Structure formats: structure tokens, C-alpha cells
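For reference, the structure discussed in these notes is given below.
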Amino acid sequence: MKNELLHIKSLNILDDARKIIEFSRSNAVKSVDFCRVQMYWSLGRRIFEEEQQKKERADYGSYLIKKLAEKLESEYGSGFNKRQLERARQFYCLYPIATTLRSQLNWSQYRRLIQISDPDKREYYELESVNNGWTTRETERQINSQLYERLLLSNNKEAVLAVARKERIPESPKEIIKDPMILEFLELERKAEYFEKDFESAIISHITDFLLEMGKEFSFVARQKQILIEDDEFFIDMVYYNRLLKCFVIVEIKTGKLTHQDLGQLQMYVNFYDRNEKLPEENKTIGILLCALKNDTVVKMSLPEDNSTIHASEYNFYLPTTEQLIKEINEVKQLVDK
């Protein structure tokens, strides 16, 4: 008995020791990453200050960076080439106050952020990278998928930034749900012969990426959830829960064009969850119809004018261009103005 207790204690201390080591290693990596951020900021400041002293020479900045890069790159490597020094200078100009630098972000993330000319858009991605603990890959992916612009399709800029700044929490589904949803990570081509179960399986296989695309505070609950309505059996494609909105979120997949029958089926699933699964303190269930092609007029005419729970969102298997999103924004505005 004594030996067993000693064995259990030894396992406990081993587990604790591993946690301590992993935590310390993680902090060490973060510390190194932020030291790199501070290094490039300091280099940018020094270059900027030197330029200002010679401001009567318009071309002095380019000359200075070129000559400095020749020396530094030969001594320290490609991390100090001309392009990197230009980025360091730009970094300092956009973030001139050292105390505003965020220790949660690494140089690769800041390097991507300074490429964004719109200050509001840059602030949004900076804040959301910190708020959600995005990795470099995730920050890059959200910028490339134009998350900010997609949210602006159904929200005003002030509301989007207020949520990112944690000045308010989302109050309605449209503040979280994106349309279109960009699912390039599924590595599927848009083909008519895809069955919905294949699409669903691809989502489950990439569930972490899908949750990131869904938005803030989503968690997976069930796949092919069986429900019984008297003697009839139905299967809901996917069920999620959103902690911010405090409600269940039902996702139905349609690989073809949206129909009013699809919306009616989704409404039935939402009603079932509201009446059988939802707790009194929880908010009404939300339904999302993820479809290949959406007809906004059909959606508008099929649902009540005060609808706030049923939403249709198109999916794309590729990253949209800025021109495509501008076109969509204009189309949405025209629809709202009608």
C-alpha cells in the first residue's frame, strides 16, 4: 500500500514538473518573440531619427537604409536586409509609442499588420489577434480571407471596432455570423457532385479551422444530431453553442441553391431546440443555412420581417478578392435600400 502511494505521488510530481517545464518554455519563446519586436522597433526609431537630422536631403533615407543593410546583413544575416530595415522604419512610424506594443504579438504578425494602410482595419486585426490568441498563420489567414470586410457587410464599422476593443459584447447573430464564409482550408473544389455528407465530413476533419471561421466563442456540440418529432426521425447536420450569445447554433449544409423549403426545415429544427433543449436562461436558438448559392430575395420573402434567428450564408472554397467583396457590399446596400 505504501509503495502504491509513493508511486502515485511520483506520478503527480512528474506531471507537475512537466507542466512547469512546458509553461516556462512557452513563456521563453514568447519573451524571445517580443524581444525581436522591440529590436525592430528600436532599429526603426534610430533610422527615423537619423533621417530627421538630415531632412534637407530628400533621398537620404533610402541611402541610409541601403548602406546600413549592406553592413548589418553581412554581419547578422538576412533578417537585416534592406526590406527588413524599411519595415522596421515603417513599424516605428505606425507605432511610435513603445508602450502600445503588444507582447502577445510576434514580429511576423506585426510585419503583416503594417502592410494594412487603413488604421481602423489594422487596429481590428491587431486587437482580434490578441483577444483570440491567434497564431501568425491564423492572423495571416483572417487578413487574407478579409474577415473585417465581411463583417462590414452586415455591421457598421463602429460596432465591429467596439466589439474588438471589448467596449461591448455582440448582441445579435449578425455581429458574429459571416456571409460569405470562406472555407478554403477544406481543400475542396466547387463541384456539383459533392454530397452534403462529404462536405460535412471535411468540416469535421478541419473543425479547429471551421470554428475559427465561424467566429468568437463557438464550440462544437454534435454532428448528425437525431431528433424525433412524433414518429418522424430527422438528423441535424451540425449543432454548435456560442458562449457570447448564450444560445445553440444549428448549421445545415446545402450544396445546391437555397430554397424556401430549406429555410422551412431549418426553422423546424430551431423551433425544436427552443422548445426541447434550450434552458430558460439561454437565448433563442440560431439557425445558419450554409449554401452554395443564396437568393437574398427568397430569404427575405420566406422569413418574417422581424426575423433574427434564421440566417443564410454562402460558402466559398477560395479567398475572395477585394473587388468581389466591394461588389457584394454594394449589392447588400441596394437590397437594404429597397
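The values are calculated or read from the model by the stated rules, or taken from the named source; none is laboratory data. Being a predicted model, the structure only gives us computed values, none of them experimental. Ideal geometry is used to build each Cβ from the backbone, glycine not excepted, and the neighbour counts take in all protein chains shown. Only protein heavy atoms, including side chains, enter the accessible area calculation; ligands, DNA and RNA are left aside. Shrake-Rupley method; radii C 1.70, N 1.55, O 1.52, S 1.80 Å.
What value does the stretch 81-234 have for Rg/Rh, both radii from Cα atoms and Rh as Kirkwood defines it?
Value, to two decimals: 1.06.
Only four residue types carry charge here, +1 at the Cβ of Lys and Arg and -1 at the Cβ of Asp and Glu. Report the dipole size of the stretch 119-255 about the Cα centre in Debye, rounded to the nearest 20.
Details: 20 positive and 28 negative charges, 123 e Å.
In debye, rounded to 20, the stretch 119-255 gives about 600.
For the stretch 21-152, take the convex hull of the Cα atoms, compute a quarter of its surface area, and give me that in nm², please. Show your work: numbers first, answer last.
On the way: hull surface 38.6 nm².
Value for the stretch 21-152: 9.6 nm².
Quick one: order 158, 187 from most to least accessible surface, probe 1.4 Å.
Highest to lowest solvent-accessible surface, that is 187, 158.
Hey, how many Å between the Cα centroid of the stretch 86-101 and the Cα centroid of the stretch 236-273?
With the stretch 86-101 and the stretch 236-273 each reduced to a Cα centre, they are spaced 45 Å.
Magnitude of the Cβ-charge dipole of the stretch 148-227, K/R +1 and D/E -1, about the Cα centre, nearest 20 debye?
Once rounded to the nearest 20, the dipole reads 320 debye.
Find the relative contact order for the stretch 223-323 and round it to a whole percent, using C-alpha pairs within less than 8 Å whose residues are 6+ positions apart. Mind showing how you got there, number by number?
Details: 159 pairs, mean separation 24.0, N = 101.
Dividing the mean separation by the residue count of the stretch 223-323 yields 24 percent.
Considering the alpha-carbon set of the stretch 241-310 alone, what are its Rg and its Dmax in angstrom?
Final numbers for Rg and Dmax: 12.4, 36 Å.
Can you flag which of 121/284; 157/284; 257/284; 121/257; 121/294; 121/216 are past 24 Å Cα-Cα?
On the way: 121/284 32 Å; 157/284 26 Å; 257/284 27 Å; 121/257 33 Å; 121/294 27 Å; 121/216 18 Å.
Checking Cα-Cα distances, 121/284; 157/284; 257/284; 121/257; 121/294 exceed 24 Å.
In Å and from the alpha-carbon atoms only, list the Rg and Dmax of the stretch 210-256.
12.3, 37
Determine the percent antiparallel among the DSSP beta bridges restricted to the stretch 211-315, to the nearest 5.
Numbers: 15 of 27 bridges.
About 55 percent, rounded to the nearest 5.
Once R0 is set to 25 Å, what does the formula 1/(1 + (r/R0)^6) return for the Cβ-Cβ distance between residue 274 and residue 217, expressed as a FRET efficiency to the nearest 0.05?
Values: r = 20 Å, r/R0 = 0.81.
Calculated value: 0.80.
Under a plain spin-label model, where a point goes 7 Å from the Cα along Cα-to-Cβ, how far apart in nm are residue 204 and residue 282?
2.1
Applying 1/(1 + (r/R0)^6) with R0 = 35 Å to the Cβ-Cβ distance of residue 100 and residue 184, what FRET efficiency is obtained, to the nearest 0.05?
Numbers: r = 33 Å, r/R0 = 0.93.
Result of the calculation: an efficiency of 0.60.
Straight distance only, please: which aspartates and glutamates reach the Cα of residue 166 with their own Cα at less than 18 Å, same-chain residues fewer than 8 apart left out?
Residue 166 reaches 120, 123, 126, 128, 158, 175, 217.
How compact is the stretch 137-186 by the rule of thumb for globular proteins, expressed as Cα Rg over 2.2 N^0.38 Å? It would help to have the intermediate numbers written out before the result.
Values: Rg = 11.4 Å, N = 50, 2.2 N^0.38 = 9.7 Å.
Relative to the 2.2 N^0.38 Å estimate, the stretch 137-186 comes out at 1.17.
Report, as a whole number in µm² per second, the diffusion coefficient that Stokes-Einstein gives for the stretch 104-195 at 4 °C and 1.567 mPa s using the Kirkwood radius over alpha carbon pairs.
Details: Rh = 14.4 Å.
In µm²/s, the coefficient rounds to 90.
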